[in-house]
Amino acid sequence: MLFDLKPKERLEELYDFRDEIDRLMACYRDGRMALILGLRRMGKSSLLRSFLNGYGIPHILIDARRIVINEGRMNIRGFMNELSQALTEFLRHKSGIRDRLLDVLRNIDGVSIGTSPLSVSISWRRGRTVLMALLDAVDRIAEGLGEKVVLAIDEVQELRALGLNIPMLLAYIYDNLGSIVTILTGSQVGMVYDTLRLNDPKSPLYGRAVVEVRLRRLSEEESMDFLRRGFEQYGIHVDDGVLRSAVNRLDGIIGWLTLFGWNYVHGNRDLDSIIDTAARQEVEELRAFLTKSRAEARYRAILRFVAEGPRRWSEIKRAVEAEEGITVDSHNFTDLLTHLVKMGILEKQGDTYRVADPVMEYAIRKYLRP
């Protein structure tokens with residue numbers, strides 16, 4: 001169902017991702033690494049999971065955000081626990097690889113195999129050494145079977161605090177493990193580039209051919225069509241005026257359109273209420289980011305001013321200086337704006353900045369106090 005709130009798992013559940021699917025398939029067949037990039041709630045996880053499941057592609061899927069949720073922060077223990085779970089799921093679903101890979105895993109120091117049900121446990125204390133042995137084993141066995149395996153990492157920018165050299169790891173896979181294709185997703189595009197150091201000539205990944213799949217907002221017509229199709233699945237007719245109001249407020253972000261449709265079908269037909277509930281959640285996540293920064297007050301001032309409407313660099317700087325009563329260093333100020341763009345909170349269009357997400361914009365205006 002189009003209005004299902006969980007990430008989609010099947011190709012037929014996706015809305016108009018044909019071009020993106022084709023690009024991922026081309027990378028899987030002939031390439032080495034792909035990036036799926038876009039704002040949060042644009043369907044990156046749904047695209048990734050539906051592609052892998054829809055074509056029965058053997059894969060090891062690591063959800064980096066789940067590590068942070070489970071551990072409270074990114075760390076090697078959480079990463080190895082997530083990898084253990086991902087490898088367990090991989091073996092449970094790939095019978096052709098399972099027996100051969102289990103024989104190898106049993107001989108890797110730091111890996112424990114459980115039965116009834118099948119499970120893999122990786123010692124996080126020996127994580128770096130074990131990780132390379134695991135990847136080498138998967139590649140060797142997949143090659144022997146004439147298969148390709150996808151190593152997928154959802155929200156890869158979360159790994160920047162892991163303590164592993166992520167560019168070095170991915171470059172090793174790229175250069176040496178020909179039967180492993182890497183697909184990464186990221187909602188903080190600038191942070192993804194920083195994590196992978198793709199534009200850094202000193203980075204191990206610099207110069208590698210990487211397929212970028214960038215997700216976009218739906219157009220007004222596409223948004224209307226998406227809502228109509230979703231309501232048709234429930235046998236519900238909704239007046240075009242109601243649909244257009246939601247489309248105008250939600251700016252083509254498919255996750256928010258889905259949330260509106262789900263609420264409407266289940267009895268909450270007040271668009272303001274739906275947006276307000278979502279905004280409260282968004283502002284809590286924003287506060288969690290701000291409270292970790294020494295520039296929290298200045299970030300708040302920037303965000304509140306930009307949430308009033310698109311603003312130029314000079315306009316934002318003057319507003320911050322007026323609020324603080326001091327002259328703000330231009331270099332420092334530019335760094336703060338750049339970081340907000342990298343985080344996907346702001347976006348730059350021409351010479352103006354705006355809040356990237358309409359629900360976040362609403363949340364800042366209503367709930368982000370000085």
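Identify, among GLY146, ALA133, ALA161, the residue whose Cα sits farthest towards the positive end of the charge dipole of segment 76-169, taking +1 on the Cβ of Lys and Arg and -1 on the Cβ of Asp and Glu, with the dipole about the Cα centre. Final value for the positive-end residue is ALA133. Protection proxy ranking of 360-369, 176-185, 116-125, by the mean of other Cβ atoms within 10 Å over each peptide's residues and highest first, is 176-185, 360-369, 116-125.
Dividing the mean sequence gap of close Cα pairs (under 8 Å, 6+ apart) by how many residues segment 237-327 holds gives a relative contact order of 13 percent. Computed over all pairs of different Cα atoms, the Kirkwood value for the hydrodynamic radius of the chain is 22.5 Å.
Ordering GLU89, GLU13 by accessible area with a probe of 1.4 Å, largest first, what comes out? Walk me through the intermediate numbers first.
Working: GLU89 80, GLU13 30 Å².
The ranking, largest first, comes out as GLU89, GLU13.
Using Cα springs under 10 Å in a Gaussian network model of the chain, which residue among PHE333, PHE79, PHE51 shows the largest mean-square fluctuation? Among PHE333, PHE79, PHE51, the largest GNM mean-square fluctuation belongs to PHE333.
Annotation: amide H of ILE62 within the under-5 Å range of ALA152, ILE153, ASP154, sequence separation 5 or more or interchain, hydrogens built in the peptide plane. Between GLU212 and ARG269, the contour length at 0.36 nm per residue exceeds the alpha carbon distance by 16.8 nm. For segment 91-163, the per residue solvent-accessible surface stands at 50 Å², with DNA, RNA and ligands left out and a 1.4 Å probe.
Normalised by the number of residues in segment 54-122, the average gap of Cα pairs under 8 Å and 6 or more apart makes the relative contact order 28 percent. A simple spin-label model places pseudo-atoms 7 Å from Cα toward Cβ; at ASP99 and ARG66 they are separated by 2.8 nm. Counting only protein heavy atoms and a 1.4 Å probe, segment 216-363 has 50 square angstrom of accessible area per residue. Charged neighbours of ILE97, selected by a Cβ distance under 15 Å, balance to 0 (K, R count +1; D, E count -1). With R₀ set to 41 Å, the beta-carbon distance separating MET1 from GLU143 gives a calculated FRET efficiency near 0.55. In segment 201-216, which residues have a backbone nitrogen under 18 Å from the label point lying 7 Å from ASN165's Cα in the Cα-to-Cβ direction? Counting only backbone N, you get 201-208. Need the list of lysines near LYS148 for cross-linking: C-alpha distance under 17 angstrom, and skip anything on the same chain fewer than eight residues off. Cross-link targets: LYS94.
Using +1 at the C-beta of Lys and Arg and -1 at the C-beta of Asp and Glu, which of THR291, ILE274, VAL242 has the Cα lying farthest in the positive direction of the dipole of segment 224-295? The one lying farthest along the dipole's positive direction is THR291. Estimated at 0.36 nm per residue, the fully extended path between ARG106 and ARG92 surpasses their Cα-Cα distance by 3.4 nm. Extension gain for ARG77 to VAL328 (0.36 nm times residue separation, less C-alpha to C-alpha distance): 86.3 nm. Atom-type composition of the exposed protein surface of the chain places 47 percent of the accessible area on carbon and sulfur (1.4 angstrom probe). Modelled label positions at THR115 and ARG128, each set 7 Å beyond Cα in the direction of Cβ, lie 3.5 nm from each other. Contact order for the chain, expressed relative to its length and based on alpha carbon pairs under 8 Å spaced 6+ residues apart, stands at 19 percent.
The values are calculated or read from the model by the stated rules, or taken from the named source; none is laboratory data. If you're wondering where the values come from, they're calculated on a predicted model, not measured in any experiment. Ideal geometry is used to build each Cβ from the backbone, glycine not excepted, and the neighbour counts take in all protein chains shown. Heads up: the accessible areas ignore ligands, DNA and RNA and are worked out on the full protein's heavy atoms, side chains in. Shrake-Rupley method; radii C 1.70, N 1.55, O 1.52, S 1.80 Å.
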